[in-house]
Amino acid sequence: METRSQPEQTSVPAGEGPMLHLDGVHKSFGDLHVLRGIDMSVDRGNVVCVIGPSGSGKSTLLRCINMLEPPEAGRIFLEGKEITGAGKGNVDYVRRRVGMVFQQFNLFPHMTAGRNVSIAQRKVLDRPKEEADAKSRALLERVGLQDKLFEYPDRLSGGQQQRVAIARALAMDPHVMLFDEVTSALDPELVKEVLDVMRELASEGMTMVVVTHEMGFARDVADRVVFMDDGAVVETGDARQLIDNPREERTKRFLGLVLEH
Amino acid sequence: MDVFFEQYFDLDIMRDNFGYVLDGFWLTVQLALVSGVLSMIWGLVLALVRAAPGRAMLPLRGLAITYIDVLRGIPLLLVILLIDGSLPVLDFVPMWLRAPDFLGKPEIFWYGVMAISLTYGAYYAEVYRAGLDAVPYGQMEAARSLGMSYPKAMRYVIVPQAIGKVIPPMLNDFIALMKDTSLVGAIALVEVVKAGREIQAENFNSSALTLGAIMFIVVTIPMARLVDRLIARQQLAMRQVAPQ
């Protein structure tokens, strides 16, 4: 594990300002006002965990950041460039820089693990086959699945599938990784292997926005924690400080409920 | 009872006309294969147009839906007669389409292929649609999140899965298509049923038609069993995958 090469993110020039900046982001589905003016900033190399009750808009927030759900109002900046507003190029710009991992894995079931990781490299980045295959092998090794290269997803456990999904997103050399409750669909004994991969990614300096119910992970790994409720950010702070000593009443109540068991 | 067997199972008539009926059946098979492939391609095009997102595609979507509704709503025999009767005299239609002679086949063969493909394309479009709808939306999102454009996501992720899901119903439709090729006999193409009818008229005996039916069955029953087996295998796979 120690011999792994440094991730490519470290070679990206530092650039100016935060990696990700959200300014008054709104999103509705019909009458349902899911995001009510989100302000948020994520610094380069930081891990931000977003916590909150279900239905608070956490997942929608991630989907706005990578333009799966374009916001209706507000502005989002990625590495200093505004990605909201008109322009088809924005979507390409975002998707080439932002990787996403989903709760339900969403691996392509008709492809082997290796092809899941290589397909977008080939068809989107136009990497030659040898290069894409080599990168896929290296990434699967990095998530501990070097022996599953030729397995189909239905032959893998949930934890293994999710690690393939992480490798698949990393294959595009993203500058930011978004994690949408990636352990929520897993059996308890499989959660750790996925969180371990994410921990390692964080320690290598990847910028990450993690929607999670894993408070232990948030406390240990996150630089900052954002608590959302009812489509708004209620409280933001240093991870340990926010989880151990929340200021807001709603945060206390939520943490009381999730930390009870 | 003797008269029953004589009428339907006269072995002498079957033997004497076996070659002729088989020639007709071979034509039926050729018609079915060529139209089957063309229908599947045309049906996929229709289904993709129908599924295309966005306001800009609205008129095309409407056109595809109308086409599918109309062609499923009129009898194939009528389409065959419409094409055969008047396509040859439509002077604005290019000659290769008006009087096609690909693969050394007569024009009526190709009129039959056109009519079957136009009609069955509409049926196949509906089958593909069911398949496209059955692919979970998360697949499209995952593909898009990896930077794939909509067409690339369809091509590499969605359509291959959709086709995998609809192979059994597509084979079912192919069996129906194969039987419907007999309607092309109405425009003087001697496929198996027409061959049988000619012999029936000559001999006042239906055994040649029975022979044709047997030839159909030899091909269609194994296909029907294959469909059943594929469905059973899919259901088994679903049961294994479903719980996390």
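The values are calculated or read from the model by the stated rules, or taken from the named source; none is laboratory data. Since the model is a prediction, treat every value here as computed from it, not as a measurement. We place every Cβ from the backbone using ideal geometry, glycine too, and count neighbours over all the protein chains shown. Surface accessibility is based on the protein's heavy atoms, side chains included, excluding ligands, DNA and RNA. Shrake-Rupley method; radii C 1.70, N 1.55, O 1.52, S 1.80 Å.
Within segment B:115-134, restricting attention to residues that are open to solvent by less than 40 Å² (accessible area, probe 1.4 Å) and hydrophobic (A, V, I, L, M, F, W, C), the residue that is nearest to B:Gly73 (Cα to Cα) is B:Ala122. Of the helices (runs of 4 or more DSSP H) contained entirely in segment A:39-139, those carrying at least 3 residues that are under 16 Å from A:Asp173 (Cα atoms) fall at A:89-97, A:113-123. Of the numbered criteria (1) open to solvent by less than 80 Å² (accessible area, probe 1.4 Å); (2) farther than 20 Å from B:Phe216 by Cβ; (3) part of a helix (DSSP H, G or I), the one B:Pro53 fails is (3). Is it true that A:Val164 is part of a helix (DSSP H, G or I), in contact (Cβ under 8 Å) with a residue 24 or more places away in the chain and in contact with a Gly (Cβ under 7 Å, 6 or more places away or on another chain)? No, not satisfied.
So, A:Glu189, is that one of a type in the set (D, E, K, R), within 14 Å of chain B (Cβ to nearest Cβ), over 27 Å from A:Asp92 (Cβ atoms) and surrounded by fewer than 21 Cβ atoms within 10 Å (Cβ to Cβ) or not?
Values: of a type in the set (D, E, K, R): yes; within 14 Å of chain B (Cβ to nearest Cβ): yes; over 27 Å from A:Asp92 (Cβ atoms): yes; surrounded by fewer than 21 Cβ atoms within 10 Å (Cβ to Cβ): yes.
So A:Glu189 passes the test.
Condition check: open to solvent by less than 50 Å² (accessible area, probe 1.4 Å), under 12 Å from the mean Cα position of the chain (by Cα) and within 14 Å of another protein chain (Cβ to nearest Cβ). Does A:Leu62 satisfy that?
Working: open to solvent by less than 50 Å² (accessible area, probe 1.4 Å): yes; under 12 Å from the mean Cα position of the chain (by Cα): yes; within 14 Å of another protein chain (Cβ to nearest Cβ): yes.
Answer is yes for this residue.
Could you tell me whether A:Ala202 is hydrophobic (A, V, I, L, M, F, W, C), more than 10 Å from the chain's Cα centre (by Cα) and either closer than 17 Å to A:Ser59 by Cα or crowded, with 22+ Cβ neighbours inside 10 Å (or both)? Even if it seems obvious, please write down each step before you answer.
Details: hydrophobic (A, V, I, L, M, F, W, C): yes; more than 10 Å from the chain's Cα centre (by Cα): yes; either closer than 17 Å to A:Ser59 by Cα or crowded, with 22+ Cβ neighbours inside 10 Å (or both): no.
Answer is no for this residue.
Return yes when A:Gly114 is farther than 29 Å from A:Asp43 by Cα, within 12 Å of chain B (Cβ to nearest Cβ) and among the small types (Gly, Ala, Ser) and no when it is not.
Working: farther than 29 Å from A:Asp43 by Cα: yes; within 12 Å of chain B (Cβ to nearest Cβ): no; among the small types (Gly, Ala, Ser): yes.
No.
The C-beta contact set for segment B:105-128 (first residue of a type in the set (D, E, K, R), second residue open to solvent by 20 Å² or more (accessible area, probe 1.4 Å) and modelled with pLDDT under 95, distance under 6 angstrom, 6+ apart or interchain) comprises B:Glu107/B:Ala99. Within segment A:121-137, no residue satisfies the criterion of being within 28 Å of A:Thr183 (Cβ to Cβ), in contact (Cβ under 8 Å) with a residue 40 or more places away in the chain and open to solvent by 20 Å² or more (accessible area, probe 1.4 Å).
Residue-by-condition table, conditions (1) open to solvent by 60 Å² or more (accessible area, probe 1.4 Å); (2) within 14 Å of chain B (Cβ to nearest Cβ); (3) out of contact with any Asp or Glu (no Cβ under 6 Å at 6 or more places or on another chain); (4) of a type outside the set (Lys, Arg):
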{"residue": "A:Gly17", "(1), (2), (3), (4)": "no, no, yes, yes"}
{"residue": "A:Phe29", "(1), (2), (3), (4)": "yes, no, yes, yes"}
{"residue": "A:Val47", "(1), (2), (3), (4)": "no, no, no, yes"}
{"residue": "A:Glu72", "(1), (2), (3), (4)": "yes, no, yes, yes"}
{"residue": "A:Thr84", "(1), (2), (3), (4)": "no, no, yes, yes"}
{"residue": "A:Asn90", "(1), (2), (3), (4)": "no, yes, yes, yes"}
{"residue": "A:Gly99", "(1), (2), (3), (4)": "no, yes, yes, yes"}
{"residue": "A:Ile119", "(1), (2), (3), (4)": "no, yes, yes, yes"}
